[in-house]
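> Let me begin by handing over the structure; questions about it come next.
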Amino acid sequence: MGATDPVKAVEEREEETEKKKKQKKQRGVKADDEEGEESKDKDELNHHRFLASLNRLNPTNPLRIIVNNGGGGRFTTPPPPPNPAQPLRSSSRVPPPVQIPPARTQTPEEPQPPPSPSPSTPPPPPLQHQPRSLFTQTPQQTLASLNSSKYTNKFFLFLFILHKIVAIGFVCFLVFKGVQGLIGSNGSVKRKEQRILRFLLPQVEAASLLSIILAFSWQMAIRLWPDFMIHFILWSTFLMSLSSGILLLCFQMPATDAVGVGLIAFSIGNGLYACWVTRRIKFCSKILVKSLEPVSKFSDLNLPTYYMLAAGFFWMSLWIFGVIGALNFYFPPLVIIGLVLSLAWTTEVMRNVVNLTVSRVIALFYLRGMQSSTRFSFQRALSRNLGSACLGSLFVPTIEALRIVARGLNLLKGEDEFMFCCANCCLKLMTFIFEHGNGWAFVQIAAYGKGFVRASQDTWKLFEDVDMVEIVDADITSSICFLTGICSGCVCVIVAAAWTHTVYKPFTATISLLAFFIGYLMTRISMALPHACVSCYYACYAENPESRFFDKTIKDRQGLIKNGRVVVHTPRVRRALA
């Protein structure tokens, strides 16, 4: 017994040391696991904080829009549902199980079952994990519609393309007929075309170049001095139209007298209009100044205007040769009238292409705070939105002209209901047509890719919802742009008529009309930029009046109108109160 006691003691000591070593190893593994879990918990906490910071971003923030459109996949994926058989943990990552050496085998403790609910207390509903997007404040449908790939008003797009193919082919044919008459014939046709080339073509080309110079000058002046230029355009158009009319009357020819009387009549109406809108000029100047502020943020915003003016000059030069060739074709007056209508539609489409381009760039700046690409907007205007530009160019000028006539009849009817019994009916009809087709529609066409009629209805509905109908009806920006084109046309008439009367008097009236037409159309293309800026300001304000890009100018105007301190003289149809 005595010999065996020391051996047992040694064995017991060895077992105790082995137990201590095993316990230290187990404690080390547990410590490593705890440190790993703590680091994982910290990573997940930082990740959740990052998601929360992204969720607090403004919906108009470009980073939030980019992440929400393309890069938000990793943030919007919902976490996997937890396994009910396993207890909930603070971390979703389960550490690897600890392997216990077989030398130390312990009976595992059985988990205690959860307490059963009392009969009076209903069991809690099961957890339903629904996918939730990180950016819930920004509507996905609206953001997707900004890049709509649909072609709008496809029928009118096809009609315009077909018209251009026929027009180009016919003009080339007329140029061929003109060259054939100039080279192949030896009689009166050849002498007539030689006179035209010598005494008509230089004046018309000079009028085209002068109209481009005037177009750039008008646009630059309006962007630099908008407040002054509104007064200047109103009265300079009156003086130029009156001066050109008097000049044509001084030539004492029947044709020039007729054109001169028309210009003098227009100058009288222009003077009356300038006196009538005097009270609106101050508010219009404020809106024009405010709407032109974003233009300085886009250095290439004027490039579409340059492209369209260059294309217009090239097409007008070819068009003039077609007019010369039409004199050697059947029914020259009808052919020339058709060429004039074709040129008018083409240049109006060019103007609305610039309008759509500028409207998209400025509208996305107001609505989303984005600085979009002018080149991309120009490509959309020439492709997907070209059908709406063709439809609007075909009907908007006619609708606005007829609406002006209906308003004039409504103003003049007075007490004589017998003579103007249909004035109110005509005004109602034109108001209904205007609500379904107006120039304000180009903002929503450019921004959301809508069709022309739907965009007109939606825009007008926005104006009615925020009580802006009287304000946009009384706006004179479109009239200012129209009068700018008239003023340029009258300047071209003065130059071309004086030149032609000196070299060849019989062409004076014809060249005067051509010069006026060319000067008006080219200037209208350049004035699409300020017109689009003002349209975007009104339409985007109606969509989001609380935006930080707008001040209280329109709200103050609405308050003055409601208080009766501002009287809007524009006649309109009174709507019955619901």
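The values are calculated or read from the model by the stated rules, or taken from the named source; none is laboratory data. Since this is a predicted model, take the numbers as computed values, not measurements. With ideal geometry, Cβ positions are generated from the backbone for all residues, glycine too; neighbour counts draw on all protein chains shown. When the accessible area is computed, the model is the full protein with side chains, heavy atoms only, and any ligands, DNA or RNA have been set aside. Shrake-Rupley method; radii C 1.70, N 1.55, O 1.52, S 1.80 Å.
> Calculate the dipole size of region 213-368 relative to its Cα centre from +1 charges on Lys and Arg beta carbons and -1 charges on Asp and Glu beta carbons; express the result in debye to the nearest 20. Working shown, then result.
On the way: 10 positive and 5 negative charges, 147 e Å.
In debye, rounded to 20, region 213-368 gives about 700.
> Right, next: Could you give the length gained on full extension between L272 and C250, defined as 0.36 nm per residue of separation minus the Cα-Cα distance, in nm?
Extra length available between L272 and C250 comes to 5.5 nm.
> Residue by residue through region 543-550, what is 3J(HN,Hα) from phi via Karplus (6.51 cos²θ - 1.76 cosθ + 1.60, θ = phi - 60°)? Round to whole Hz and write x for glycine and proline.
Result, ordered by residue: 7, 8, x, 8, 5, 6, 7, 10 Hz.
> Determine the gain in length on full extension of the stretch H163-F432; use 0.36 nm per residue of separation and subtract their C-alpha separation, reporting nm with one decimal. Present the calculation step by step, with values, prior to reporting the outcome.
Details: separation 269, 0.36 × 269 = 96.84 nm, distance 2.93 nm.
Between H163 and F432, full extension yields an extra 93.9 nm.
> Set the Förster distance to 22 Å, then compute FRET efficiency between L303 and S383 from the Cβ-Cβ distance, nearest 0.05.
0.85
> For labels at L334 and V289 in the simple 7 Å Cα→Cβ model, what's the distance in nm?
My value for the distance between the label points is 5.6 nm.
> Also, I was wondering about something else. Restrict the search to region 320-373; then list the chymotrypsin sites (Phe, Trp or Tyr not before Pro) that DSSP places in a loop and that have at most 13 other Cβ atoms within 10 Å of their Cβ.
Those satisfying the criteria are Y330.
> Follow-up question, since we're still on this one. For region 232-310, with only Lys/Arg (+1) and Asp/Glu (-1) charged at the beta-carbon, what is the dipole magnitude about the Cα centre, in debye rounded to 20? Mind showing how you got there, number by number?
Details: 6 positive and 3 negative charges, 103 e Å.
My answer is approximately 500 debye.
> If R0 is 22 Å, what FRET efficiency do you get for Q180 and S317 from their C-beta distance, rounded to 0.05? Spell out each step's value before the answer.
Details: r = 20 Å, r/R0 = 0.89.
The computed FRET efficiency comes out at 0.65.
> Another question, then. Classify region 307-440 as rounded, prolate or oblate from the Cα gyration tensor: take a ≥ b ≥ c as the square roots of its eigenvalues, call it rounded if a/c is under 1.5, otherwise prolate when a/b beats b/c and oblate if not.
Numbers: a/c = 3.44, a/b = 1.15, b/c = 2.98.
Note, shape of region 307-440 comes out oblate.
> In terms of the Cα gyration tensor, with a ≥ b ≥ c the square roots of its eigenvalues, is region 233-336 rounded because a/c is under 1.5, prolate because a/b exceeds b/c, or oblate?
It is oblate, given that a/c is not under 1.5 and a/b is not larger than b/c.
> Still on this structure, I have one more. Roughly speaking, what is the stretch gain from D473 to A310, that is 0.36 nm per residue apart minus the C-alpha to C-alpha distance, in nm to one decimal?
55.3 nm
> Give me, ordered by chain and number, the residues 5 or more places off F549 or on other chains with an amide H under 5 Å from its own placed amide H.
Under 5 Å from the amide H of F549 lies no amide H from a residue far enough along the sequence or on another chain.
> Go through T459, T502, T17 and list them by solvent-accessible area, largest first, probe radius 1.4 Å.
Sorted by accessible area, descending: T502, T17, T459.
> A follow-up question, please. Take R195, R548, R368 and sort them by solvent-accessible surface of the protein heavy atoms, 1.4 Å probe, largest at the top.
Result of the area sort, largest leading: R548, R195, R368.
> Let me spell out the model: positive unit charges on the Cβ of Lys and Arg, negative unit charges on the Cβ of Asp and Glu, origin at the Cα centre of region 307-465. What dipole size does that give, in debye rounded to 20? Spell out each step's value before the answer.
On the way: 13 positive and 9 negative charges, 147 e Å.
Here the size comes out at about 700 debye.
> Sort 476-487, 350-361, 240-251, 268-279 for me by packing, meaning the mean count of neighbouring Cβ atoms within 10 Å per residue, highest on top.
Ranking the peptides 476-487, 350-361, 240-251, 268-279 by packing returns 350-361, 476-487, 240-251, 268-279.
> Could I have the simple spin-label model distance between A498 and F232, label points 7 Å from Cα toward Cβ, reported in nm to one decimal?
Output for this residue pair reads 2.0 nm.
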